[in-house]
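Peer 1: Quick one: the structure is below, and I'll ask about it shortly.
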Amino acid sequence: MQLGIMTIGDVTQDPTNGTTPTENERIKATVEIAKKADDIGLDVFATGQHHNPPFVAPGNPPTLMAYLAAVTKNIILSTSTTLITTMDPVRLAEDYSYVQHLSEGRVDLMLGRGNTGPVYPWFGKDIRQGVNLAVENYNLLHRLWNEDVVNWQGKFRTPLQSFTSTPRPLDGVAPFVWHGSIRTPEIAEQAAYYGDGFFHNNIFWNKEHTEQMINLYRERYEHYGHGKAEQAIVGLGGQFFMRQNSQDAWREFRPYFDNAPVYGHGPTLEEFTDQTPLTVGSPQEVLEKTLSFREYAGDYQRQLFLVDHAGLPLKTVLEQLDMFGEQVLPELRKEYAASHNPEVPEAPVHPRVAKSREFQEGANHA
């Protein structure tokens, strides 16, 4: 099981003191959070992609990923998400291959269509073609990474003749791809067709909906002959806020929840924690609720938490990660290992990453 965090890079006022970080402060904070995630032993740090305020997640994630590759040691650098609809597949193939080389294989990516309507025309695209763009653009991206010479013609970009994207993927192994979707069956189908991962970012959704989408993907994964349904590659989202005392966690997090642009002034915190993966409470409560996700998602491979949003100050986010690393992460790893179905594969990683981990594990047992 890969455990990690994801960020959307929002620049939000802290409702408890009225301060708002500058864009520079928020970007630098993102780097500190990624370094902390690496230090405490998380497996994945994933950055969003945005082109509009109030976000400063990079418009081209490899720019941040390349910097993080130089200041981290082990963590896999990913996205949450890369916009496959508005980005040119040729540019994606080249930029992600480049950062894959720089990071010695510590790169994968999660594709998404993007939910911000105005972004589409900024890049000359029509949001009404969102699904069709995702299907066609990924077909080209997949071919660019897996074929040395590509002849291609589609509907949404100029044709390619005898084209080779450079650099080629590191050691001939393309970055692993997750297809992120909340409610679009066509994206689950796309992930299953290629045998790629499917990430259901369920942070706003109930478990019944999440289970339905994952089951669809699993059934189609088996249909296309990639393995049994339970062997499909599944990822989930989540959120937590914890203090040693559950009451302290609720009291401290409530103003951030109530004023958050994405869910403030809607459901109450009590309703939201009851109906979604958000956990507010003690480390033990975070542990128990996270483990319960398998009851409706099955044995899955990647769990990413959103921890740095809604105006939470950097100091608090780093405290949350320290608590998670010391009090939750070891227990989660122990529980996952004890109950893991050996027929279910781990999330794919680049062979260089796998070899490095085998070497590290061997050294730890020597």
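The values are calculated or read from the model by the stated rules, or taken from the named source; none is laboratory data. Nothing here was measured: the structure is a model prediction, and the numbers come from that model. Glycine gets a Cβ as well: all are built from the backbone with ideal geometry, and neighbour counts include every protein chain shown. Areas reflect the complete protein model, heavy atoms only, side chains present, ligands, DNA and RNA absent. Shrake-Rupley method; radii C 1.70, N 1.55, O 1.52, S 1.80 Å.
Peer 1: Condition check: part of a helix (DSSP H, G or I), surrounded by 22 or more Cβ atoms within 10 Å (Cβ to Cβ) and free of Cβ contacts under 8 Å to residues at least 40 places away in the same chain. Does Leu64 satisfy that?
Peer 2: yes
Peer 1: If Leu77 satisfies every condition in (1) in contact with a Lys or Arg (Cβ under 9 Å, 6 or more places away or on another chain); (2) more than 28 Å from Asn202 (Cα to Cα); (3) open to solvent by less than 10 Å² (accessible area, probe 1.4 Å) but one, which is the exception?
Peer 2: Tallying (1) in contact with a Lys or Arg (Cβ under 9 Å, 6 or more places away or on another chain); (2) more than 28 Å from Asn202 (Cα to Cα); (3) open to solvent by less than 10 Å² (accessible area, probe 1.4 Å), Leu77 fails exactly one: (2).
Peer 1: Of the conditions (1) surrounded by 20 or more Cβ atoms within 10 Å (Cβ to Cβ); (2) out of contact with any Phe, Trp or Tyr (no Cβ under 9 Å at 6 or more places or on another chain), Leu144 clears all except one; give me its number.
Peer 2: The one condition Leu144 does not meet is (2).
Peer 1: Name the residues in the range 89-119 that are open to solvent by 30 Å² or more (accessible area, probe 1.4 Å) and either hydrophobic (A, V, I, L, M, F, W, C) or in contact with a Phe, Trp or Tyr (Cβ under 8 Å, 6 or more places away or on another chain) (or both), would you?
Peer 2: Scanning the range 89-119 gives a single hit, Leu102.
Peer 1: Filter the range 234-262 for residues that are buried (at least 18 other Cβ atoms within 10 Å of the Cβ) and in contact with a helix residue (DSSP H, G or I) (Cβ under 8 Å, 6 or more places away or on another chain) and give the result.
Peer 2: Across the range 234-262, the qualifying residues are Val234, Leu236, Gly238, Phe240, Phe241, Met242, Arg243, Phe253, Phe257.
Peer 1: Here's another thing I want to ask about it. Quick check on the range 302-317. Is at least one of its residues farther than 23 Å from Lys207 by Cβ and open to solvent by 50 Å² or more (accessible area, probe 1.4 Å)?
Peer 2: Among the residues of the range 302-317, at least one is farther than 23 Å from Lys207 by Cβ and open to solvent by 50 Å² or more (accessible area, probe 1.4 Å), which makes the answer yes.
Peer 1: Go through (1) modelled with pLDDT of 95 or more; (2) surrounded by 19 or more Cβ atoms within 10 Å (Cβ to Cβ) for Asn139 and report which single condition fails.
Peer 2: (2)
Peer 1: Restricting the first residue to the range 170-184 and requiring it to be closer than 30 Å to Thr276 by Cα, which pairs with a second residue that is of a type in the set (Val, Ile, Thr) meet a Cβ separation below 8 Å and a spacing of at least six or different chains?
Peer 2: Phe176/Val349; Trp178/Ile233; His179/Ile187; Gly180/Thr81; Gly180/Ile187; Ser181/Ile187; Thr184/Val131
Peer 1: Which one is nearest to Asp95 (Cα to Cα), of the residues in the range 161-181 that are touching a His at 6+ places or on another chain (Cβ under 7 Å) and open to solvent by 20 Å² or more (accessible area, probe 1.4 Å)?
Peer 2: Pro167
Peer 1: If I go through the range 35-50 residue by residue, how many of them are assigned to a helix (DSSP H, G or I) and either of a type in the set (S, T, N, Q) or open to solvent by less than 10 Å² (accessible area, probe 1.4 Å) (or both)?
Peer 2: 1
Peer 1: Report, by residue number, each residue of the range 263-277 that is part of a loop (DSSP other than H, G, I, E, B) and either without any contact (Cβ under 8 Å) to a residue 60 or more places away in the chain or crowded, with 22+ Cβ neighbours inside 10 Å (or both).
Peer 2: Across the range 263-277, the qualifying residues are Tyr263, Gly264, His265, Gly266, Pro267, Thr268, Pro277.
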